[in-house]
Amino acid sequence: MAMAVAQHRESSSGSNINKHLDNGKYVRYTAEQVEALERVYAECPKPSSLRRQQLIRECPILSNIEPKQIKVWFQNRRCRDKQKTEASRLQTVNRKLNAMNKLLMEENDRLQKQVSQLVNENGYMKQQLHTVNASTNDASCDSVVTTPPHSLKDANNPAGLLSIAEGTLKEFLSKATGTAVDWVQMPGMKPGPDSVGIFAISQSCSGVAARACGLVSLEPTKIAEILKDWPSWFRDCRNLEVFTMFRAGNGGTIELIYTQMFAPTTLAPARDFWTLRYTTTLENGSLVVCERSLSGSGAGPNAAAAAQFVRAEMLPSGYLIRSCEGGGSIVHIVDHLNLEAWSVPEVLRPLYESSKVVAQKMTIAALHYIRQIAQETSGEVVYGPGRQPAVLRTFSQRLSRGFNDAINGFNDDGWSIMNCDGAEDVIIAINSNKSLNSPPNAVNALPLLGGVLCAKASMLIQNVSPAVLVRFLREHRSEWADFNVDAYSAVSLKAGSYAYPGMRPTRFTGSQIIMPLGHTIEHEELLEVVRLEGHSFAEDNAFLSRDIHLLQLCSGIDENAVGGCSELLFAPINEMFPDDAPLLPSGFRVIPLDTKSSDTQDSLATNRTLDLTSSLEPGPATNHIAVDAPSCPNIRSVLTIAFQFPFDSNLEDNVANMAHQYVRSVISSVQRIAIAISPSGLIPAVGPKQSPSSPEALTLAHWICRSYSYHLGAELLRPEPAVGDSLLKNLWQHQDAILCCSLKSLPVMIFANQAGLDMLETTLMALQDITLDKIFDETGRNSLCSDFAKLMQEGLAYLPAGICMSTMGRHVSYEQAVAWKVLEADESTVHCLAFSFVNWSFV
């Protein structure tokens, strides 16, 4: 036993590298033989390599060694390499765990201080309450001591700026590592061995604040350099300009900075900041970058440009970066803002009053970005087709920035409003100075003879997850996109090719191929190339491929992701796809709002429409609707759509009309999709009817079909056994447009199948806003009035061929319309009127 231990120790020592165990005996090699074996192993480490055998045969010094012994030497050498690799990996993991343990201990100390502070404040409040109660009648209690508000010192001289900087540093450190802010753990972000870091949001403080700390495998100076460059990682940052910079007496740096931010929607103005940024090193070697707003609202490079922004306030914020033993850094990030929520519509205020939104868009995004750079630097991230990570990252940033430029339409970029009616939901903006979005000095930049036109809109959608909606839009492009419009945008990549008037119709085969290019380490963003397959309708070009390639950025499609929104952005590219390819991004952005908890009536009214019930009017009927809380979460989101089109100067009006109609069509399709994929669904599984005045969808379908058979003596649907909700599905998919309206003094639509919605060019959500008289032209209304008495007396009326009007103002022709009374279960009470439009088509 002792001999075995001795042999093990001897074989493990570095001095016996020329000894190898073979069948219980040590084989000794000369230094020359070991050197030759090392050369062979370095060139061919794989054991099955034919090249290795050739090198061994070509080396005379190895000829007197048995092949079996050489094989054993290589096996032992490979085992030592594996042991070294594993030992190195374990050392790296151990260093990271030690650093994370240190970080957790610091966080625990901070929480203990916070608990002690809360206990002291609680005791003080109890004492004050006791004193007030004991001296209620004491006149001395009438005097109130007030603390003057904090005012910024004179910022017109370096001494005043240094004083402001030192105060900012002190306040920032009290937030980053102290108890100045009542931090609470961010929902859904539990710390643990696999977590990215520790994330917290403010519970009760002025403005909105978020905090993050984590371990990053980069040096402090590199991290500070990255984080200070906001436009490189913060997608909402439009511009950051350093007005002046000077050295502070303690070796630090003070900068005066003007920053412009993009607005995420078309419904609110953008924000800007006028701040002081202080970079310094603490006594313990930690690097600090802290920043806060300065007084004065008129600061900025251009007063006219600043007029499009609302001045927001940055309270002391910044980064605390401390190096770790063995490499890497511990980073503390604090973002504390006052975004002036009063200046936005009430429906959007949750976006500007939520610390969670700030954490998602800024704090967590910053930590994720520097971790992404760290892994790319270390070679842990591998991308496809030969693209460098920096190039792919640049494409993602260009897509996002181009989309933000289109949404905001700043005047200093050359944008102007072409058409914006107060009652119109689609805004048409034009930029005659803009070329296709290309990097500076790009070889492939394409100047446009006319410019770029953008059609954009924002709207509220409900009861659908943003991630689910964007994922559906990505995977089912044919449900909302027009291939010919995509083809027009793609053709414009060829200089001078504006084929709108003579654009040949192209058939989309329905096939789209998604080719991934890369993704972030958290899989929150996906960069990919999409190929749409199409063929010409013309016989002479029937076999000519008209494929379209799109560069696409998809983010927030994972419902468990921590991103602040879900996006689908895309731009046509050519097949060569150079690194400086011109881009003209379009797409969708869905931003979730805080869930409404108190507006129950609105929730019920929404679900009544989605469930296809026949409630005649909102109000008391909502009390009879069975609502399952888990299936109707009442999620509210803001959907922003923007599509950009290049145009020639003589085709401006044509392209504007095309863009307006196309975006309206996309809006209608997306609304229909949102309803279809909502938790309640288009055809929900409902229970028995709750009240005769408010039947559920399945009950209404039975009433419609039974009344049709009763009055006409024929079946509306094919005779099939009614299993579950199959009858409702068949009614929904019926080729004729079937509509139902209430029996009120002003009849309104309460139900429509898919064909009916398509004919009216509307959605279920907007159906109740349509009255019966709006869908008929003058001739149709006269015909209906003349047959109305017969309809109410006999329960049936045939209307001759005529013309209807869609909600988009388009004419719809039909060969015949049948109207009948829908009777309830007792076959005596008339619930509503139903109409079936046969062989309808757009004129």
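The values are calculated or read from the model by the stated rules, or taken from the named source; none is laboratory data. Being a predicted model, the structure only gives us computed values, none of them experimental. Note that we place each Cβ from the backbone using ideal geometry, even for glycine, and neighbour counts take in every protein chain shown. Protein only, heavy atoms only, side chains kept; ligands, DNA and RNA dropped before computing areas. Shrake-Rupley method; radii C 1.70, N 1.55, O 1.52, S 1.80 Å.
Before moving on, here are some points about what is shown:
- Centre separation in Å (Cα based) which lies between region 748-770 and region 327-375: 41
- Per-residue ³J(HN,Hα) for region 235-249, Karplus 6.51 cos²θ - 1.76 cosθ + 1.60, θ = phi - 60°, Hz, x for Gly and Pro: 5, 7, 8, 7, 7, 9, 10, 8, 6, 8, 8, 8, 7, 8, x
- With protein chains left intact and a 1.4 Å probe, residues in region 158-381 average 38 Å² of accessible area per residue.
- Ranking 170, 222 by solvent-accessible area of protein heavy atoms (1.4 Å probe, all protein chains present), from largest to smallest, gives 170, 222.
- In this structure the amide hydrogen of residue 237, modeled in the peptide plane, comes within under 5 Å of the amide hydrogens of 262, none closer than 5 places in sequence on its chain.
- Here the Kirkwood formula, the inverse mean of 1/r across different C-alpha pairs, assigns region 158-381 a hydrodynamic radius of 18.0 Å.
- Given 744/790; 356/456; 102/356, the pairs whose alpha carbons are separated by over 24 Å: 356/456; 102/356
- Projecting the Cα atoms of 198, 186, 242 onto the charge dipole of region 158-381 (Cβ charges, centred on the Cα centre) puts 186 farthest toward the positive pole.
- Surface composition of region 158-381: carbon plus sulfur atoms hold 51% of the accessible area, using a 1.4 angstrom probe and ignoring ligands, DNA and RNA.
- What the phi angles of region 306-314 give under the Karplus curve with 6.51, -1.76 and 1.60, with θ = phi - 60°, is a coupling list of 5, 5, 7, 10, 9, 6, 9, 10, 9 Hz, glycine and proline written as x.
- Under-5 Å amide H pairs with residue 636, H placed in peptide plane, nonlocal only: 463, 593, 596
- Accessible area of region 695-842 divided out per residue, in Å², using a probe of 1.4 angstrom: 44
- Solvent-accessible area of residue 369 with every protein chain in place, 1.4 Å probe, in Å² to the nearest 10: 40
- Our summary gives region 158-381 a relative contact order of 24 percent, counting only alpha carbon pairs under 8 angstrom and 6 or more residues apart.
- Rounded accessible area of residue 161 (nearest 10 Å², 1.4 Å probe): 10
- Probe 1.4 Å - accessible area at residue 225, Å² to nearest ten: 120
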